[in-house]
Every structure is written in C-alpha cells, then in structure tokens.
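Student: Quick one: this structure, given as structure tokens, is what I'll be asking you about.
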Amino acid sequence: MEIVDILIKNANELITLKGPDKSRTKKEMSNLSIINKGSIAVKDGIIVDVGKNLKYKSETVINAKGKIALPGFVDPHTHVVFAGSREFELDMKLRGLTYMDILKKGGGIFYTVNETRKAPEESLLRQSKNRLDSMLMHGTTTCEAKSGYGLETETELKILKILKKLNDSHSIDIVSTFLGAHAVPKGYSADEYVDVIINEMFPRLKGLAQFCDVFCEKGVFTVEQSRRILNTGKKYGLIPKIHADEIVDTGGASLAVEVGAISADHLLMSSDKGLKEMAKKCVIGVLLPGTPFSLMQQTYAPARKMIELGVPVALATDLNPNCWTENMQFIIQLACLNMKMTPAEAITAATFNAACALGLNSTIGSLEKGKQADVIILDCPNHKFIPYHFGVNLVETVIKNGRIV
Ligand code: NIG
Ligand code: FE
C-alpha cells in the first residue's frame with residue numbers, strides 16, 4: 001500500500017471545485033464538485049488522489065468527519081504592507097465624510113504614505129508578517145499584495161523588497177503587484193508623477209513584481225494616464241490590473257479590456273457596456289465588498305448582474321488601512337448577505353476564480369490530482385455554513401504545500 005504524507009478522510013463535504021481549467025462563469029460558479037464523505041491524499045506537497053474511501057497508509061491521518069475540506073482561500077487583492085493605522089478616520093466617516101473627502105484633506109492614503117515612508121524596514125516587515133499570520137489562520141494560503149504607500153521610488157522599492165522577503169519566509173505564497181499609481185504625491189501634478197513612474201520606477205522593478213495596477217478614478221488617475229502606465233508596464237513584462245469604477249464610472253472596465261488586464265477590481269459603478277466587454281474577454285471582476293462595508297455604503301458591486309452577464313467573478317479582502325480585514329470568510333459572508341451571491345458562487349469566487357485572477361489556476365484553486373496541496377478544513381457540516389455562521393473563524397486546520405501550518 002502506498003504511503004502518503006497526509007490523508008484527510010471522511011470529510012462531510014470535500015469541496016473539490018474540479019471543473020474546466022479556466023475562469024468559471026454563470027452556472028459554472030455554482031458547481032463546487034462536492035464529494036460527500038470524501039478523502040484526499042497528499043505527498044511531497046502535491047495532491048496524489050481525491051475520492052471516497054482512499055486506500056493509503058499515512059502517519060498523519062486527519063479524520064474530517066462532520067467537517068468540510070476545500071482549497072485554501074486565494075486573496076487576489078491586498079495592500080498588506082503598510083505602517084500605522086487609521087481607526088481615527090471612523091469618526092470622520094460617521095460624521096458623513098466620504099473616502100474622497102478624507103483623501104483630499106491629506107488623510108487616507110496620504111496618511112499611510114507618511115507612516116510607511118518613515119517606518120524602518122524591520123517594523124514594516126513585522127507589521128506585515130502579523131497580518132499574513134492572521135490571513136493564514138483564517139484560511140488564506142495564497143495572496144496578491146501591492147506596493148503603493150511609497151509614492152516615491154525608494155519607498156515603493158522598499159515595499160516590494162519586503163514582499164519578496166515575506167514570500168521567501170512565510171507559508172503564504174505572495175504574488176506582488178506594483179501600484180506606484182495609488183495616488184498623486186504632494187508637489188506633483190498627476191502627469192508629472194506619471195512621468196516619474198514611467199522613467200524612474202519601472203526601470204528598477206526587475207524581479208520585484210508580476211503585475212502592475214493603477215487607481216483609475218475621478219480625481220486620482222484618468223483613463224488616459226492609467227492607459228499610459230499600464231501599457232508601459234507591459235513593456236517591462238508586468239501584467240495589468242486596475243482599480244476601476246469604484247466611486248465614479250470613468251470607463252475603467254473598458255480600459256481593463258483594452259489593455260488586456262487579467263482583472264479589474266472594485267467595479268461598483270461600471271457601465272453595462274464595460275461589464276459586457278469584460279465578460280467577452282474573460283477579464284476577472286475582483287469584487288471587494290469589505291470596502292463599501294467599511295465605508296458604511298449602501299451600494300455594493302452588482303455581483304448578480306455581473307454573473308448573469310458572464311463576468312467571471314472573484315472575491316478579495318482589499319486588506320488596507322481603510323478596510324482592515326484578513327478574513328476571506330467574512331468577505332464570503334458580505335458577498336452573500338450584501339451582494340446576493342450564493343454560498344457556492346462565493347466559494348468559487350474566493351478559490352478557483354481568485355486563482356485565475358493571479359494566473360495560478362493550473363496549480364491552485366481546486367483540489368485535483370497533481371495540484372499543490374493547499375487545503376483547509378473548516379469545523380462546520382456543509383459549505384452553506386460559511387456565510388451562515390458569521391463573525392467567527394471556522395478554520396480548524398490549514399495545510400500549505402502539503403504541510404500542516
Ligand atoms: O482598493 N482605492 C484605492 N486603494 C485602496 C484603499 C487604500 C487606502 O485607503 O489606504 C482600495 O480601496
Ligand atoms: Fe485596493
């Protein structure tokens with residue numbers, strides 16, 4: 001009998017997400033490919049078998065009776081490296097100030113930029129590591145993380161180097177995104193700062209980022225400026241992503257399609273035309289319901305409409321000082337309760353489609369033979385409990401790369 005490293009057996013629901021190896025849309029998002037009383041065998045970090053009553057020998061046998069097992073959550077949009085905190089902004093929000101009001105007063109991103117610029121590297125590393133630890137405890141096994149609290153070359157590089165160190169040392173796999181275009185720093189016009197990004201920052205990013213992102217928004221970077229940045233990034237091998245149509249519809253969704261972005265994120269205000277274009281070109285819509293929640297907004301991204309139009313939808317925390325949560329279970333809860341996604345759709349969006357938003361769907365995002373063994377066990381009887389039993393951490397065991405972490 002073959003000996004494996006870990007055998008998980010008898011899971012009430014083994015949620016495999018087995019299916020086509022491309023982003024799931026429409027009805028496909030509802031199919032979790034669940035095996036009742038399912039087992040999974042892991043060896044050398046890889047899933048070697050999935051099924052019922054598997055016959056393997058292992059020193060580590062996890063009896064998941066009464067529990068569920070699923071792929072580790074993938075969080076495809078975070079700003080995990082930042083210094084300080086902005087809890088005091090809550091009082092301003094309660095008084096009715098909007099996100100943009102706070103930003104225009106020099107708070108928001110600018111407050112965090114000041115804190116991040118002056119933070120010693122060890123401090124920034126430690127603060128970020130603590131958040132990654134919390135993400136892992138809440139079931140996230142892979143995440144994306146952006147720079148963007150430097151807005152000057154050296155600090156942007158400092159953040160990306162910290163992400164590289166964290167990726168090398170932490171159990172969570174981190175994919176880095178360069179977001180030099182997160183805001184326009186004091187003393188520059190937007191066009192002047194775009195020149196700095198293009199002439200000074202891009203040439204120094206080698207090996208430090210895989211994606212390039214822009215905060216394309218009224219009062220931040222225009223569609224034209226965003227296009228210039230993302231197209232130049234492509235020449236440096238960076239795949240475009242975009243913060244699009246969060247507050248105003250500027251045509252960010254269409255720009256994402258035009259530049260060949262892998263995802264467009266936020267999308268609260270996108271036009272039907274933009275969403276239809278995204279559906280046609282399979283640009284992933286990464287929805288971040290934590291952000292309108294933290295801003296106490298009534299409006300969320302139109303997830304139902306997007307799914308009906310055929311946009312492949314993913315979910316992410318947007319972890320940042322304005323929306324501070326490490327917890328993808330909470331995001332699934334918001335997706336269901338505030339955006340009317342079904343539990344199955346939200347789970348697909350937080351695993352397989354999230355992996356697609358990082359181009360990693362051939363190795364993670366589903367539990368299939370040959371894939372990386374990133375598996376989480378949740379102490380609940382079925383997947384509908386994730387949005388139903390909210391405000392607690394249901395994760396009991398996290399297996400990353402075939403090791404219990
Ligand atoms: O995705 N909107 C722009 N960027 C972040 C927020 C960053 C911040 O407020 O510090 C977001 O929500
Ligand atoms: Fe963001």
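Student: Kindly establish whether residue 131 is more than 13 Å from ligand 1 (Cβ to nearest atom), part of a helix (DSSP H, G or I), at pLDDT 95 or above and within 23 Å of residue 265 (Cα to Cα).
Tutor: yes
Student: What tally of residues in segment 241-278 results from selecting those that are of a type in the set (Val, Ile, Thr) and either in contact (Cβ under 8 Å) with a residue 60 or more places away in the chain or assigned to a helix (DSSP H, G or I) (or both)?
Tutor: Number of matching residues: 4.
Student: When both residues are 6+ apart or on different chains and their Cβ atoms are under 8 Å apart, which pairs have a first residue that lies in segment 348-371 and is free of Cβ contacts under 8 Å to residues at least 40 places away in the same chain, and a second that is of a type in the set (Lys, Arg)?
Tutor: 363/371
Student: From the list 203, 240, pick out the single residue that is within 18 Å of the chain's Cα centre (by Cα) and more than 26 Å from residue 111 (Cα to Cα).
Tutor: 240
Residues checked against (1) within 21 Å of the chain's Cα centre (by Cα); (2) touching a residue at least 40 places away in the same chain (Cβ under 8 Å); (3) buried (at least 22 other Cβ atoms within 10 Å of the Cβ); (4) in a helix (DSSP H, G or I):
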{"position": "11", "(1), (2), (3), (4)": "no, yes, yes, no"}
{"position": "21", "(1), (2), (3), (4)": "yes, yes, no, no"}
{"position": "29", "(1), (2), (3), (4)": "yes, yes, yes, yes"}
{"position": "48", "(1), (2), (3), (4)": "no, yes, no, no"}
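Student: While we're looking at this one, here's another question. Restricting to segment 108-161, and then to whatever is charged (D, E, K, R) and within 16 Å of ligand 2 (Cβ to nearest atom), can you tell me which residue is nearest to residue 366 (Cα to Cα)?
Tutor: The selected residue is 144.
Student: Of all residues in segment 136-173, how many are assigned to a strand (DSSP E or B) and surrounded by fewer than 22 Cβ atoms within 10 Å (Cβ to Cβ)?
Tutor: Total meeting the criteria: 1.
Student: Same structure again: Restricting attention to segment 175-206, which residues are free of Cβ contacts under 8 Å to residues at least 40 places away in the same chain, surrounded by fewer than 23 Cβ atoms within 10 Å (Cβ to Cβ) and not polar (S, T, N, Q)?
Tutor: 184, 187, 188, 190, 191, 192, 195, 198, 202, 203, 206, listed by residue number.
Student: Related question: Out of segment 258-276, which residues are surrounded by fewer than 24 Cβ atoms within 10 Å (Cβ to Cβ), among the hydrophobic types (A, V, I, L, M, F, W, C) and in contact with a strand residue (DSSP E or B) (Cβ under 8 Å, 6 or more places away or on another chain)?
Tutor: Within segment 258-276, 259, 262 meet the criteria.
Student: Just the residues that are hydrophobic (A, V, I, L, M, F, W, C) and either out of contact with any Ser or Thr (no Cβ under 9 Å at 6 or more places or on another chain) or away from ligand 2 (no atom under 16 Å from the Cβ) (or both), please, taken from segment 295-314.
Tutor: 296, 303, 306, 307, 309, 311, 313
Student: Residues that are more than 16 Å from ligand 1 (Cβ to nearest atom), at least 3 per element: which strands (runs of 3 or more DSSP E) completely within segment 54-93 meet that?
Tutor: 57-63, 68-71
The values are calculated or read from the model by the stated rules, or taken from the named source; none is laboratory data. Note that this is a predicted model, so its numbers are computed, not measured. Counting neighbours? That spans all protein chains shown, and the Cβs are built from the backbone with ideal geometry, glycine included.
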